[in-house]
Amino acid sequence: MGTVGGDNGDPSRETDGDTCWAGPGRLRVVAVRLSGTHRVWADFLGIPPDVDAAFLVTDGGGVVGRGYYTTVTELAEVVDLATLTPC
């Protein structure tokens with residue numbers, strides 16, 4: 001099971017903003033750095049402190065499931081990855 005990092009779409013490798021994918025309806029998946037407000041929410045949701053990036057899943061602005069997913073495998077459990085297109 002790969003984590004967000006290395007060759008798995010690590011958002012920390014992005015230099016200009018977040019990486020985003022759109023799904024059916026108003027579904028959005030955004031690769032985010034876990035700092036600031038994202039880190040506060042991630043801590044609250046039990047994401048380990050050594051994890052520095054995650055995929056945030058929203059639908060119409062509301063979080064889907066627990067919101068933050070640290071692996072592509074976890075993400076695939078709540079989102080059909082084949083339906084996603086770049087934002």
Review point. From the set of residues in the stretch 20-41 that are part of a loop (DSSP other than H, G, I, E, B) and open to solvent by less than 30 Å² (accessible area, probe 1.4 Å), which is nearest to Ala82 (Cα to Cα)?
Key: Gly23
Check your understanding: Taking the stretch 75-87, which residues are without any contact (Cβ under 8 Å) to a residue 24 or more places away in the chain, out of contact with any helix residue (DSSP H, G or I) (no Cβ under 9 Å at 6 or more places or on another chain) and either of a type in the set (D, E, K, R) or open to solvent by less than 80 Å² (accessible area, probe 1.4 Å) (or both)?
Key -> Ala76, Glu77, Val78
Check your understanding: Is it the case that the stretch 42-65 has a residue that's among the hydroxyl-bearing types (Ser, Thr, Tyr) and either surrounded by 17 or more Cβ atoms within 10 Å (Cβ to Cβ) or at pLDDT below 95 (or both)?
Key -> no
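The values are calculated or read from the model by the stated rules, or taken from the named source; none is laboratory data. This is a predicted model, so every value here is computed, not measured. Because the Cβ atoms are built from the backbone with ideal geometry, glycine has one as well, and the counts that use them run over all protein chains shown. Ligands, DNA and RNA are stripped out before the accessible areas are found, and what is left, the full protein with its side chains, is counted by its heavy atoms. Shrake-Rupley method; radii C 1.70, N 1.55, O 1.52, S 1.80 Å.
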